[in-house]
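Following: one structure in structure tokens, then a few remarks.
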Amino acid sequence: SFEQLQQVYGIGPVLAERILDMRIALGGFLNQSQLEDVWGLQQETMVRLWRVFSLDSVPVVNPININTATIDELAGNYYISYGLAARIVAYRSRHGQIDDLYQMAQSLEIDSVRIARIALYLNTKKLLE
């Protein structure tokens, strides 16, 4: 809760609100590294945070099939902007079936941290022929 977060040294009302907003936007944290995306949260504060809290109830995510998703469906993900979603769909149109997210990311020049976050929410299940 807002109050519980503020009990961790280094987290005041502003950071507590940002953490809760991020949790809501994501539908819950899937892994600890996602806290690195909270603006202004220092590494040492994250260490203290994980001493107090854990990921006991990781949300169930319905991964988006990158091979069938529309631009709007992809852009509905917190980590995928509309522009990136359009680039992904264009890449798929040019190259066909996407089997390897990391190969696509390299081609689209998506950094490793971002593709690791995005990969939590996507799958590459083959289309039925």
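The values are calculated or read from the model by the stated rules, or taken from the named source; none is laboratory data. Quick caveat: nothing in here was measured; it's all calculated off a predicted structure. Using ideal geometry, Cβ is built from the backbone for each residue, glycine included, and neighbour counts are taken over all protein chains shown. Surface areas here come from the heavy atoms of the whole protein model, side chains and all, with no ligands, DNA or RNA. Shrake-Rupley method; radii C 1.70, N 1.55, O 1.52, S 1.80 Å.
Quick one, which of [x] 15.1; [y] 14.4; [z] 16.2 is the actual Kirkwood radius over Cα pairs in Å calculated for this model?
Answer label, from the structure shown: [z].
Rounded to the nearest 10 Å², what accessible area does Glu3 have for a 1.4 Å probe in the complete protein model?
120 Å²
5 Å is the cut-off here: which amide hydrogens, built 1.01 Å from N in the peptide plane, fall below it relative to Asn123, excluding neighbours closer than 5 in sequence?
Residues meeting the criterion, in which the H sits 1.01 Å from N, are Ile64, Asn65, Ile66.
Taking 0.36 nm per residue of separation and subtracting the Cα-Cα distance, what length does fully extending Leu108 through Ser1 add? If you can, show how the numbers build up before the last one.
Values: separation 107, 0.36 × 107 = 38.52 nm, distance 3.82 nm.
Roughly 34.7 nm would be gained on extension.
Which percent of the accessible heavy-atom area of the range 15-104 goes to carbon and sulfur, probe 1.4 angstrom? Write down the numbers at each step before the final one.
Numbers: 2610 of 5170 Å².
That share works out to 50 percent.
What relative contact order, as a whole-number percentage, does the chain give when Cα pairs under 8 Å and 6 or more residues apart are counted?
Working: 116 pairs, mean separation 29.0, N = 129.
Answer for the chain is 22 percent.
Taking the Cα centre of the range 19-129 as origin, sum charge times position over the Cβ atoms of Lys and Arg (+1) and Asp and Glu (-1), and report the length of that vector in debye to the nearest 20.
Details: 10 positive and 12 negative charges, 14 e Å.
In debye, rounded to 20, the range 19-129 gives about 60.
Please sort 118-125, 88-95 by packing, taking for each peptide the average over its residues of neighbouring beta carbons within 10 angstrom, highest first.
Working: 118-125: 17.2, 88-95: 14.1.
The densest-packed peptide leads the list: 118-125, 88-95.
With a 1.4 Å probe and every protein chain left in place, work out the accessible area per residue of the chain in Å², rounded to a whole number. Please list the in-between numbers first.
Working: 7910 Å² over 129 residues.
Heavy-atom accessible area per residue stands at 61 Å².
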